[in-house]
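Structure, as structure tokens:
The values are calculated or read from the model by the stated rules, or taken from the named source; none is laboratory data. Everything numeric here is computed off the predicted structure, so don't read it as measured data. Cβ: placed from backbone, ideal geometry, glycine included. Neighbour counts: every protein chain shown.
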Amino acid sequence: MRQTGARTTRPSVREERVAIASDRSLDKSGLLVEAVEGAGLWEILARRCSETGRAAAALSIVIKPDFTLFHRLSPTATDPELVERLIDEFHDRGFHSAVLANTVDSFVFWLANRDVLSLADLAGYRFVTPKERAYDVLDLADDLVGVEVPPGSVLEGALISRVWRDADVRIAFGANKTDEEDLFAVNLQNLVAVLPLRDKFYHYRQRLDLADVATELVSTYPVHFAIVDAVISNHGSAGTRALGPIETHTVIAGTDLLLTETVAAKKMGVDPAASRVLAAALERIGLPQRSVIIGDMTPYPRWRNVHPFVSASVRRRNLWPEASWMLAPLLQSVDRELFPFHDVTADRANALLVRLAGQPDADPLAFWLCVAGNALVATGGHALQSWRIMASKDALHWREAPLGIDPFAYSRTEYLRVPDEVVSLRSLLRDVPAVEGELRWTYLDDAVVFEVSRLIPVPFEHFVARLDVSRGIQYMNDYIGGRAIVVERDARGRPMLQAERNLYLPQPNYLALSQGKPIDVTKLEVVEYLESRHALYWKTILSTNGSARYDDGMVELERTADGETRATIFGRQEFTLPPLWNLINHEANASLKRYLVTQAYTTFFARTFANFEAVVEGREVRIGKQWDPLRGEEGGEPPPSLAAVGEMLTRIAGVLPPDFATAARRILGGGVSSVAEGGILDEDGFMHFNAAVQPVQTERKGVSNGALVFIADLVRAVQQDLAAMASPQP
Amino acid sequence: MKLLVTGGSGLIGSNVVREAVALGYDVRALLRPTSSAAAIEGIAAERFVGDVLDIGSLHVAAANCDAIIHTAAIFAYGGFTGAQLHDVAVIGTRNVIDAAAAAGVRRVVVTSSSVVCGSSTDPVPRDETCRADNGEKSPYVIAKIEQEGAAFAHGLERSVEVMACCPTLTIGGYDHRLSPSNAVIVMFLRDVLRLTYPGGCNIASVSDVARGHLLLLERGSSGLRYIVGGENLTWTDLHRRIAALCGVSGPYFATGRTGAYLAAAANEMIGLVARRAPLTTRVQARMVGRYYWYSHARAAALGYAPRSGAQALAEAIAWLVTSPHISRELRATLTLSRDVYRARLT
């Protein structure tokens, strides 16, 4: 299977430079100046002047500092003095058009003073440099334009600030710090904050994959220069959720973002690819072909990285979107004077949790509380997710993923080869008997080669008019998301060649219980439309999560002699089993394995054909629910809150009938204690009494009557059953 | 002939509207302000907003009409008090007859129910001469009995010819609110245990029931009730047929009255928590073990000739599987038989 299609070709073979300034004789401003000069910032700016035709004074420079800030002068954010010094350097060299930029993040829903200007102010930005040069801090959620990305991109349809898009020079100025989930978070994570949606955790970590978003963003709008403020860094297992300052007395600067990130990681003493975000970017974009690194690459002394237990447990915990969204702010150490919580319950919960688990490196109890707590939430999330996969599929969210390959990088010949390869496999089934209904299957190199067919008594013309065979895979059972890009259409505008990424729930669904992965496959596809036959052929070229070795096949819709429709699906599939299942010697239980395979295929394709029929009936067949692309924005749903959880519990309590509540009170209270219980509670919470009746007695009578009726009916039913058993009906 | 149909958005009412329009009647469908007209969408019938409990609106609705088919009713075995059921059934029917008399309408067909003829402990069909025992009278049955009595008495009083049409378990399409009769099919398909139970029912296609109403309007005798039914089946046979038509297995187990009662109680509890009407209730569970089998000989003498139970089921399923009453997830488990597809084409 070819797996290199995802790589984006670098535009040039220019020599990229990274400079590490850590001279103990220099102050932090001196480190900054040395780093940016060493990395060639001024050459970059000169080149941009030349490329854009602008004078230095008019060259628009947008700096994105890191605003991961919950305490005054926190090392999780970029030091404002360094940023202002950089602006002064620009002015000193004739570049008078530099601004800072940021957007708000998910914490705006929990904490006060998280808007762009307040945050900048509380971070220590004075909006004028020490040399009296005024500068602006822009909100990149203003003046938005569409992101210009190729079809299939994860950012397709997203918006971005015109200022960021049109900047002549984009500079990322991140803070050097560890991260609970990704081990370290420097400029790639910092840059995601240029995207405008406020609920960033939901949109750019849960709805979309952070690695996909960051990679696509820096590919589409590359930064021209990257700086890492490592003068005072933030280290330790708690990552950005707690203060862990350490003097590292370093500034790293570079002309290539990924190389700079890689150097920053090496200085922390971790494998750069340990961060899923940087790993994805390195896989898809790669390091420069020619590069120079100036300075000391020795890891920082006394640096503490995130303990692997912590990062592993956080990653698992964050697979439960609802819980992780709520937990992240509750676990965040916050200076309440700067950023008071909106909600008193959240404030109290945060105070408790931070006290218990705030310093995992210093306190073994806090460490194990972190790990065990995360594991507990992760287990709950896994149980919930497994339940949803097996029994409540519409509670699952759709998966939004980029295509993952450049579909136009494949030649027409490569596409057109797919049908021949698929058809050639079909002959393997020639003499294989049907095992159940119209399913036939056999093994080929550990893969299952199968064919399943159904006659659907619907006129062929009607069927194909309603069911677009080019979307055949999307109508299959348990399709939870993906993306298809048409490469070539026929004269009637129908797709003929296309590339498609499909994600399905783990198959069979019960594998979800044992950490079974979703099936994630990217395919080249060919569609044929003949008078009596429509067909879709596919060949898998990439499985991003390694869930499939083979998933090649075809869907065929044929007109029968009676004018009806025969649907046939043929394929070769080999999916990766969860580790637990690999411990079992399946060959020793060949008949059981055959039974399980047969059942899995029978169920899957019975449901797939039912979906085909339902599509023809005009029904929606896709499982799951859509993410809200506007959550947290005007017109979108509001993010959940602890107050909302309280309201939900109140609503649940509200559906209980008054009798139930009264009866429960009586049982718990050991009898009627006051006349008030006889009143009627209205919707506004007022109790109404009727002086003309004896409320207590009336209520008691109502409850006991209901119970008596229930018991009497039940007894009558039992008597009738017993009588029927004694003299059964004919 | 100008025909007023009350309850024009309901299962029977909307199908009466459809059949009447197909037969050339000039139809005015009475709909409550809150009712959806989806069931008669695309049908060339006049929509008139009113309510059978609003006599003023009925007077206007009945003006210039030659006949009335009064189908408006609450058909529910739970969720309504006896008083609510009584008001719509009795007061509503009296209002309709008053409006008919005022507008000079001579003939009114009132939709009653076969349950007014009661049920048996043995598999013996009952006819229009039978009465319900006191022991089997649920609030719904009481309301229908009172409705019928009030209709005949008030018709005599106001010199309006009244015929009572008594449908059996009526299944079929355009049932946008899911009536308890179609819910029998949905409930069986949703039930993972695929339970069946003793006793039986008579199932009729809603199209036949609609035609039966029109037949009574044209040929029925005033002051008589007519059972319009279809085929008598045991519940087990009915469930087997549903399973065969939908390509699912079952029924697996036969539960007795006790199991049905407890299941219905659980269903009511779930409905209460989930804020939705339960698919089955304890009132219905009390009907388990009895035979709601009927003869439609009296209507047959007028020319009533219903289709088979199998055909009625196939048509009902053909519609239900395209409706929201069958969830996407449930639809994915069904392998519809050729009979269902054939029914869809008809």
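Observations
- Of the residues making up segment A:284-315, those that are assigned to a helix (DSSP H, G or I) and buried (at least 17 other Cβ atoms within 10 Å of the Cβ) are A:Arg284, A:Phe309, A:Val310, A:Ser311, A:Ser313, A:Val314.
- Residue within segment B:166-187 that is surrounded by fewer than 18 Cβ atoms within 10 Å (Cβ to Cβ), touching a strand residue (DSSP E or B) at 6+ places or on another chain (Cβ under 9 Å) and of a type in the set (D, E, K, R) present: no
For every residue, the table says whether it meets (1) part of a loop (DSSP other than H, G, I, E, B); (2) β-branched (Val, Ile, Thr).
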| position | (1), (2) |
| --- | --- |
| A:Gly516 | yes, no |
| A:Val521 | no, yes |
| A:Tyr529 | no, no |
| A:Tyr537 | no, no |
| A:Thr540 | no, yes |
| A:Asp552 | no, no |
| A:Arg566 | no, no |
| A:Phe570 | no, no |
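- Matching residues, segment A:316-325, being surrounded by fewer than 19 Cβ atoms within 10 Å (Cβ to Cβ) and in a loop (DSSP other than H, G, I, E, B): A:Leu319
- Subset of segment B:292-325 (residues that are surrounded by fewer than 24 Cβ atoms within 10 Å (Cβ to Cβ) and within 11 Å of chain A (Cβ to nearest Cβ)): B:Ala318, B:Trp319, B:Thr322, B:Ser323, B:Pro324
- Meets criteria (within 14 Å of another protein chain (Cβ to nearest Cβ), within 25 Å of B:Ser337 (Cα to Cα) and either among the charged types (D, E, K, R) or in contact with a Gly (Cβ under 8 Å, 6 or more places away or on another chain) (or both)) for A:Asp468: no
- Scoring B:Val96 on the criteria (1) surrounded by 24 or more Cβ atoms within 10 Å (Cβ to Cβ); (2) in a loop (DSSP other than H, G, I, E, B) leaves a single failure, condition (2).
Each row is one residue, and each column tells you yes or no for (1) closer than 28 Å to B:Val17 by Cβ; (2) at pLDDT below 95; (3) of a type outside the set (Lys, Arg).
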site	(1), (2), (3)
B:Arg158	yes, no, no
B:Val162	yes, no, yes
B:Leu169	yes, no, yes
B:Ser179	yes, yes, yes
B:Val184	yes, yes, yes
B:Leu195	no, yes, yes
B:Ala210	yes, no, yes
B:Leu216	yes, no, yes
B:Ser222	yes, no, yes
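- Pairing each residue of segment B:51-73 that is over 19 Å from B:Gly104 (Cα atoms) with any residue that is in a helix (DSSP H, G or I) and of a type in the set (Asp, Glu), provided the two are 6+ apart or on different chains, yields C-beta distances under 7 Å for B:Leu53/B:Asp87.
- Scanning segment A:93-100 for any residue that is over 30 Å from A:Glu337 (Cα atoms) and either hydroxyl-bearing (Ser, Thr, Tyr) or not in a loop (DSSP other than H, G, I, E, B) (or both) turns up at least one such residue.
- Boolean, A:Asp520 is acidic (Asp, Glu) and over 22 Å from the mean Cα position of the chain (by Cα): no
- The residues in segment A:360-381 that are out of contact with any Gly (no Cβ under 7 Å at 6 or more places or on another chain) and either crowded, with 19+ Cβ neighbours inside 10 Å or hydrophobic (A, V, I, L, M, F, W, C) (or both) can be counted, and the count is 15.
- Residue in segment A:585-608 that is within 14 Å of chain B (Cβ to nearest Cβ), in a helix (DSSP H, G or I) and in contact with a Ser or Thr (Cβ under 7 Å, 6 or more places away or on another chain) present: yes
- Taking the listed residues A:Arg440, A:Arg454, the one that is within 14 Å of another protein chain (Cβ to nearest Cβ), under 25 Å from A:Thr603 (Cα atoms) and either touching a helix residue (DSSP H, G or I) at 6+ places or on another chain (Cβ under 6 Å) or among the small types (Gly, Ala, Ser) (or both) is A:Arg454, with no other qualifying.
- Test: residue in segment A:244-251 that is charged (D, E, K, R) and either within 24 Å of the chain's Cα centre (by Cα) or closer than 28 Å to A:Arg284 by Cβ (or both): no
- Checked against (1) over 30 Å from A:Arg316 (Cα atoms); (2) surrounded by 19 or more Cβ atoms within 10 Å (Cβ to Cβ); (3) touching a Lys or Arg at 6+ places or on another chain (Cβ under 7 Å), A:Ala185 passes all but a single condition, namely (1).
- Flag not set for B:Tyr341, criterion: in contact with an Asp or Glu (Cβ under 8 Å, 6 or more places away or on another chain) and either more than 12 Å from chain A (Cβ to nearest Cβ) or farther than 30 Å from A:Arg388 by Cα (or both).
- Checking the stated criteria, A:Arg501 turns out not to satisfy the condition of being within 25 Å of A:Arg466 (Cα to Cα) and surrounded by fewer than 22 Cβ atoms within 10 Å (Cβ to Cβ).
- Residue list for segment A:242-271, filter: crowded, with 23+ Cβ neighbours inside 10 Å and either charged (D, E, K, R) or assigned to a strand (DSSP E or B) (or both): A:Thr248, A:Thr250, A:Val251, A:Ile252, A:Ala253, A:Gly254, A:Asp256, A:Glu261, A:Lys267
- In segment A:55-72 there is at least one residue matching the filter, namely being basic (Lys, Arg), within 30 Å of A:Leu117 (Cα to Cα), assigned to a loop (DSSP other than H, G, I, E, B) and within 37 Å of the chain's Cα centre (by Cα).
- Among residues of segment A:24-75, those that are in contact with a Cys (Cβ under 7 Å, 6 or more places away or on another chain) and closer than 17 Å to A:Thr255 by Cβ, counted: 1
- Selection over segment A:612-621 of residues that are under 27 Å from the mean Cα position of the chain (by Cα) and either buried (at least 18 other Cβ atoms within 10 Å of the Cβ) or more than 10 Å from chain B (Cβ to nearest Cβ) (or both) gives a count of 1.
- In segment A:221-240, of all residues being part of a loop (DSSP other than H, G, I, E, B) and more than 23 Å from the chain's Cα centre (by Cα), the one that is nearest to A:Glu156 (Cα to Cα) corresponds to A:Val223.
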